[in-house]
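Undergrad: Below are the structure tokens for one structure; questions will follow.
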Amino acid sequence: MNLLQTPKMVFSFHEGWDEIIRIHPSVTRLFAWVVLPLSLLPPAMIYYAGGHHGDVFAPGVSPAQWHTAAGIFFVAQLLTVPAMAWLIHLIVTKTYSVTASYHECFTLAAIAPIPLWLSSLALFVPSLLINMVIGILALFGSTGLIYHGVYALFHMREDLQALQMATVIAGAGLFAWLVLVQIVLMH
């Protein structure tokens, strides 16, 4: 998978998606080459931001607390992706009666958070406003990936059904993302 195609995948049913379907990377490969390295970014950035300008984001929180939160966040992310894949599989197969494998659902769960992982690089900038704007843009990017990924990976032919499924999946993903952010804020 070429991560440079991710921006195109946000807006297209075929750009990048056709290649992923053709290559059909295994769950292990997706986890090792996409999930693991990209999920290291947010904890590394939390660690950095907490040690350098943590008071901008949470006044009074010590660098040690930021560092603990970074470690917990890393583990939580690694657990969230397979859990989201399971939830996507449940939503798609039970609620919408669409034939989809766990592999296809894991592929979507591994690709959808890429903008969120990359948005953590904004933590280099000690500005809450800039980080919020970039975070919101990343959420839109993830939603675009979910919609186009549902259509492509589950071989949908109806835009409306793909949009309905993507909305439910994005809602579940947003909830998971908010839980992860809460984990950081609690520690």
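The values are calculated or read from the model by the stated rules, or taken from the named source; none is laboratory data. Here the structure is a predicted model, which is why all the values come from computation and not from measurement. Every residue, glycine among them, receives a Cβ derived from its backbone with ideal geometry; neighbour counts consider all protein chains shown. Please note that ligands, DNA and RNA were not included when accessible areas were found on the heavy atoms of the full protein model with its side chains. Shrake-Rupley method; radii C 1.70, N 1.55, O 1.52, S 1.80 Å.
Undergrad: Give me the percent of the accessible area of segment 25-92 that comes from carbon and sulfur atoms, probe 1.4 Å, all protein chains in place. Walk me through the numbers on the way to the answer.
TA: Details: 2390 of 3240 Å².
Carbon and sulfur atoms account for 74 percent of the accessible area of segment 25-92.
Undergrad: If you don't mind, another one. Hey, can you find the accessible area per residue of the chain for me, probe 1.4 Å, expressed in square angstrom?
TA: Values: 9550 Å² over 187 residues.
Each residue of the chain exposes 51 Å² on average to a 1.4 Å probe.
Undergrad: Oh, and also: 7 Å from Cα along Cα→Cβ at both Val56 and Glu15: what's the point-to-point distance in nm?
TA: Placing both labels 7 Å beyond Cα along the Cβ direction yields 3.1 nm.
Undergrad: Based solely on its DSSP helices, what 222 nm [θ] is calculated for the chain when runs of n ≥ 4 H residues each add -39,500 (n - 2.57) and the sum is averaged over all residues, nearest 500 deg cm²/dmol?
TA: Working: 10 runs with 136 residues, N = 187.
Rounded to the nearest 500, the figure is -23500 deg cm²/dmol.
Undergrad: Here's something else I'd like to know. Along the charge dipole of the chain, pointing to its positive end and built from +1/-1 on Cβ of Lys, Arg, Asp and Glu, which listed residue (Ala64, Trp177, Leu137) has its Cα farthest out?
TA: Ala64
Undergrad: Something else about it: For an R0 of 25 angstrom, estimate the FRET efficiency from the Cβ-Cβ distance between Gln65 and Leu137 and round to the nearest 0.05. Spell out each step's value before the answer.
TA: Numbers: r = 28 Å, r/R0 = 1.11.
FRET efficiency, Gln65 to Leu137: 0.35.
Undergrad: Modelling each spin label as a point 7 Å along the Cα-to-Cβ direction, I'd like the Leu128/Glu158 distance in nm, to one decimal.
TA: Distance between label points: 4.5 nm.
Undergrad: Stretch Tyr48-Ile23 to full length: gain in nm at 0.36 nm per residue minus the Cα-Cα span?
TA: Values: separation 25, 0.36 × 25 = 9.00 nm, distance 3.58 nm.
Using 0.36 nm per residue and subtracting the Cα-Cα distance, I get 5.4 nm.
Undergrad: Then there's this: Roughly how many nanometres apart are two label points built 7 Å out from the Cα toward the Cβ at Leu121 and Leu178?
TA: Taking the simple label geometry, Leu121 and Leu178 are separated by 2.8 nm.
Undergrad: Run the accessible area of segment 103-150 with a 1.4 Å probe and give the carbon-and-sulfur part as a rounded percent.
TA: Values: 1600 of 1840 Å².
The nonpolar share, carbon plus sulfur, comes to 87 percent.
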